[in-house]
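J.: One structure, as structure tokens, below. Some questions next.
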Amino acid sequence: MSIPGAPSRRPARPQTILEVVARSWVTPHLVRLTLGGPGFDGVDWGEATDRYIKIFFAKPGLGLEPPYDVAALRETLAPEDLPVTRTYTIRRVNAAAGSIDVDFVVHGDEGLAGPWAARARVGERVVFAGPGGAYRPESDYDWHLFAGDESAFPAIAAGIEALPAAARGLAVIEVESEADRPALDAPEGVAVHWVFRGRRDERTPGLLAEAVDAAEWPAGRVQVFAHGERESMKALREVFLNRRGLERGQLSLSGYWATGRAEDRFQAEKREPIGMIFPA
């Protein structure tokens, strides 16, 4: 029975349990986990190239068993003991092998998911909700533009790999250094530019936008996929809408993360002016 005026509770998203099948280092700061197991066949992986999952992390000492009924756990656990989630884009779905690849940016012991992924053992269980995702390159555009940093690289690479061999496009990808440049197989007609930012400072949010605007754009109508650090995406918004005169409908543009913000705070700020890529 519903109570008039009471807030409705959004149904919990189904959770999938897979296990680590393999771990490999793609670059010095990017580790790839291959996840598989019987749970793979129960998931509708969809066709989007920006598929993402929300991985659950529970405190080991509490002995919680997945799947996690977070609503029920709120009744018995302190807020700091509840499982937390971190969002990651799927690099590849391998239907034949029954596995997915997920890439994690690692900077020492900074953060939660990166250090965990760097030490994850084969056989370790991974619990997640999803996938979500909404973007896939569309054939009725003349060319395709991809832009982002390491956090967006899995989706950028998946999008580029989904293009036909004759596709035209431009990819501008920001990484820390030349050693952090992952391998990328792009059609001959897709130009790939790398931006090496070095250590992050006050200039960093503008680097990607400057490189995108300075690149040679092919003629015709473009479909854009640009995701990454929030302030960098705001700078790209100005390039796309104000300098290049694109329409909102041509853009898949959003922040995946924000400098100095844990994911919980970042997600909360999406409802605040600071977190909006497109002002209300």
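The values are calculated or read from the model by the stated rules, or taken from the named source; none is laboratory data. Predicted model only: the values in this text are computed from it and were never measured. Cβ placement follows ideal geometry from the backbone for every residue including glycine, while neighbour counts extend to all protein chains displayed.
J.: Any idea which residue in region 35-66 is nearest to the chain's Cα centre (by Cα), counting only those that are exposed (fewer than 14 other Cβ atoms within 10 Å of the Cβ) and part of a loop (DSSP other than H, G, I, E, B)?
T.: Out of the qualifying residues, it is Glu47.
J.: Cβ contacts < 8 Å: first residue free of Cβ contacts under 8 Å to residues at least 24 places away in the same chain, restricted to region 56-80; second residue surrounded by fewer than 14 Cβ atoms within 10 Å (Cβ to Cβ) and hydrophobic (A, V, I, L, M, F, W, C), any location; separation 6+ or different chain. Result?
T.: Within 8 Å, the pairs are Leu77/Leu62.
J.: Taking region 163-178 as the search range and keeping residues that are aliphatic (A, V, I, L, M) and under 21 Å from the mean Cα position of the chain (by Cα), which one is farthest from His227 (Cα to Cα)?
T.: Filtering first and then ranking leaves Leu163.
J.: May I pose another question? Kindly check whether there is at least one residue in region 209-218 that is over 25 Å from Lys270 (Cβ atoms) and touching a Ser or Thr at 6+ places or on another chain (Cβ under 9 Å).
T.: No - not one qualifying residue is present in region 209-218.
J.: Restricting to region 244-267, give me the number of residues that are of a type outside the set (Lys, Arg), touching a helix residue (DSSP H, G or I) at 6+ places or on another chain (Cβ under 8 Å) and under 25 Å from Asp103 (Cα atoms).
T.: Result for region 244-267: 9.
J.: Output the number of residues of region 135-158 satisfying the condition of being touching a strand residue (DSSP E or B) at 6+ places or on another chain (Cβ under 7 Å), of a type outside the set (Ser, Thr, Tyr) and farther than 20 Å from Ala219 by Cα.
T.: 10
J.: Return yes when Ala209 is in contact with a strand residue (DSSP E or B) (Cβ under 6 Å, 6 or more places away or on another chain) and buried (at least 16 other Cβ atoms within 10 Å of the Cβ) and no when it is not.
T.: Spelling it out, it is not the case that Ala209 is in contact with a strand residue (DSSP E or B) (Cβ under 6 Å, 6 or more places away or on another chain) and buried (at least 16 other Cβ atoms within 10 Å of the Cβ).
J.: For Leu112, state whether it is modelled with pLDDT under 95, in contact with a Lys or Arg (Cβ under 8 Å, 6 or more places away or on another chain) and not polar (S, T, N, Q).
T.: Taking the combined requirement at face value, the residue satisfies it.
J.: For region 248-261, enumerate the residues that are exposed (fewer than 14 other Cβ atoms within 10 Å of the Cβ) and without any contact (Cβ under 8 Å) to a residue 40 or more places away in the chain.
T.: Arg248, Gly249, Gly260 - these are the residues of region 248-261 that are exposed (fewer than 14 other Cβ atoms within 10 Å of the Cβ) and without any contact (Cβ under 8 Å) to a residue 40 or more places away in the chain.
J.: Test Gly133 against the criterion of being in contact with a Gly (Cβ under 8 Å, 6 or more places away or on another chain), crowded, with 19+ Cβ neighbours inside 10 Å and closer than 17 Å to Asp101 by Cβ, and give yes or no.
T.: Judged against the criteria, Gly133 is a match.
J.: Something else about it: Which fully enclosed helices (runs of 4 or more DSSP H) of region 167-280 have 3 or more residues being out of contact with any Lys or Arg (no Cβ under 8 Å at 6 or more places or on another chain), aliphatic (A, V, I, L, M) and within 19 Å of Trp143 (Cα to Cα)?
T.: Because the criterion is at least 3 residues that are out of contact with any Lys or Arg (no Cβ under 8 Å at 6 or more places or on another chain), aliphatic (A, V, I, L, M) and within 19 Å of Trp143 (Cα to Cα), the helices (runs of 4 or more DSSP H) in region 167-280 that meet it are 204-214.
J.: Now a separate question. Determine if region 53-60 includes at least one residue that is at pLDDT below 95 and farther than 18 Å from Gln15 by Cα.
T.: For region 53-60, residues at pLDDT below 95 and farther than 18 Å from Gln15 by Cα: present.
J.: Do any strands (runs of 3 or more DSSP E) lying entirely in region 97-151 carry at least 1 residues that are touching a residue at least 40 places away in the same chain (Cβ under 8 Å), of a type in the set (Gly, Ala, Ser) and closer than 19 Å to Ile17 by Cα, and which ones are they?
T.: Because the criterion is at least 1 residues that are touching a residue at least 40 places away in the same chain (Cβ under 8 Å), of a type in the set (Gly, Ala, Ser) and closer than 19 Å to Ile17 by Cα, the strands (runs of 3 or more DSSP E) in region 97-151 that meet it are 99-105, 125-132.
J.: Please verify whether region 107-124 includes one or more residues that are within 20 Å of the chain's Cα centre (by Cα) and either of a type in the set (S, T, N, Q) or under 30 Å from Asp213 (Cα atoms) (or both).
T.: Yes; the residues of region 107-124 include at least one that is within 20 Å of the chain's Cα centre (by Cα) and either of a type in the set (S, T, N, Q) or under 30 Å from Asp213 (Cα atoms) (or both).
J.: Right, here's the next one. For region 138-166, name all the residues that are of a type outside the set (A, V, I, L, M) and buried (at least 18 other Cβ atoms within 10 Å of the Cβ).
T.: Hits for region 138-166 are Trp143, His144, Phe146, Gly148, Asp149, Glu150, Ser151, Phe153, Pro154, Gly159.
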